[in-house]
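Asker: Quick one: the structure is below, questions incoming.
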Amino acid sequence: MTKAELATILSYTRLRERSRKACELVLVEGKSQADAARELQISREAVCEAIKSVRKAEERYKAGR
């Protein structure tokens, strides 16, 4: 996923800044969820939930096009 694609999809979510950054680290930069969690000092579970939110928003985005 590109950074631009992620930015568009994030507009369909209510994620906070750290969660958005975690999604960027994992989905754009290819880091592991554990690495993103460590880097941002949040739980791996929080990263996982953020990724799930983005995937659901991506489905809504694609369905609406």
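Asker: Are there GluC sites (Glu not before Pro) in the range 7-50 that DSSP marks as loop and that have at most 12 other Cβ atoms within 10 Å, and which are they?
Answerer: Sparse-neighbourhood loop GluC sites (Glu not before Pro): 29.
Asker: Taking 8 Å as the Cα distance limit and 6 or more residues as the minimum spacing, I'd like the relative contact order of the chain as a percentage. Spell out each step's value before the answer.
Answerer: On the way: 51 pairs, mean separation 23.9, N = 65.
In percent, rounded to a whole number, it is 37.
Asker: Only helical DSSP H runs with n ≥ 4 go in: add -39500 (n - 2.57) per run for the chain, normalise by residue count and round the 222 nm mean residue ellipticity to 500 deg cm²/dmol.
Answerer: It lands at -20500 deg cm²/dmol.
Asker: How large is ³J(HN,Hα), in whole Hz, for each residue of the range 39-44 in order, when computed from phi with the Karplus curve 6.51 cos²θ - 1.76 cosθ + 1.60 and θ = phi - 60°, using x for Gly and Pro?
Answerer: 4, 9, 6, 10, 6, 4
Asker: Oh, and also: What residue among 13, 23, 42 has its Cα farthest toward the positive end of the dipole of the range 3-64, where the charges are +1 on Lys, Arg and -1 on Asp, Glu, each on the Cβ?
Answerer: 13
Asker: Note down the nm distance, to one decimal, between modelled labels 7 Å out along Cα→Cβ at residue 39 and at residue 17.
Answerer: With each label placed 7 Å out from Cα toward Cβ, I get 1.7 nm.
Asker: Okay, moving on. Apply 1/(1 + (r/R0)^6) to the Cβ-Cβ distance of residue 52 and residue 3, taking R0 = 22 Å, and write down the FRET efficiency to the nearest 0.05.
Answerer: On the way: r = 20 Å, r/R0 = 0.90.
Once rounded, the FRET efficiency stands at 0.65.
Only the coordinates and a few stated rules stand behind these numbers; no lab work does. Note that the structure is a prediction, hence the values are computed from the model and not measured. Counting neighbours? That spans all protein chains shown, and the Cβs are built from the backbone with ideal geometry, glycine included.
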